[in-house]
Amino acid sequence: MNTQPLFLVKPLVDLRVYTIAMRKMPEFLDVFDTLAMPILRETLGHPLGFWTSMVGPQNQFTHLWGYDDLADYQRRCLARDIHPDFPAYLKASGHLIVAQETRLIRAAALARVAK
C-alpha cells in the first residue's frame, strides 16, 4: 500500500461536485454506479474517492480523480467522452443532476505535510 500523501501520488486532481435533485440521491448513486463507473474505471482509472454531503449544501455528490499532469487529464477525459457507452449514462443521469462544478486543483508544496 502506498503511504505517500495523495498530492505526491497524483499532483493534479479533478474535483467534481454534482448537486442532485431533492430525494433523488439513491437513484443517482445507482445510475452512477451501474452506468458511469465501468466507463470511468476503464478511461479515468481508479478514483481518489466519493463523498455525499452531510453538513452545508445538501444533495451533493463529490468525487475526485487524480492525474499526473494536464496532458494526462485531457487524454483520459477525451477517452471518457468518446466512449460508446458514455451517452447512455448522460441520458440516464441528466434529469437527476441539477448543477455540476468541476475544479482542477494542484498540490500545494508544503514541506511539513510531505514528512
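Quick note: the coordinates plus some simple rules give every number you see, no bench work behind them. Keep in mind the model is a prediction, meaning the values are calculated, not measured. Neighbour counts are summed over all protein chains in view; Cβ atoms, including those assigned to glycine, are modelled from backbone coordinates with ideal geometry.
Note on His46 and Thr34: the model spin-label points, each 7 Å out from Cα along the C-beta direction, lie 2.8 nm apart. Ranked from largest, the principal axis spans of the Cα set of segment 53-115 equal 45, 34, 14 Å. Which value results when the Cα radius of gyration for segment 36-88 is divided by 2.2 N^0.38 Å? Relative to the 2.2 N^0.38 Å estimate, segment 36-88 comes out at 1.30.
Calculated from the structure at hand, semi-axes √(5λ) of the Cα gyration tensor in Å is found among (1) 49, 26, 10; (2) 45, 18, 15; (3) 26, 19, 12 as (3). Projecting each Cα onto the charge dipole of segment 9-106 (Lys/Arg +1, Asp/Glu -1 at the beta carbon, about the Cα centre), which of Gly66, Ile20, Ile39 comes out farthest on the positive side? Farthest along the dipole direction, towards plus: Ile20. Rounded to the nearest 500, the helix-only mean residue ellipticity at 222 nm of the chain stands at -9000 deg cm²/dmol, with each DSSP H run of n ≥ 4 adding -39,500 (n - 2.57). Computed over neighbours whose Cβ is under 13 Å from that of Leu70, the net charge equals 0, Lys and Arg +1, Asp and Glu -1. By other beta-carbon atoms within 10 Å, ranking Leu35, Leu48 with the fewest at the front produces Leu48, Leu35.
Across Ala21, Ala79, Ala71, mean-square fluctuation computed from a Gaussian network of the chain (C-alpha pairs under 10 Å connected) peaks at Ala71.
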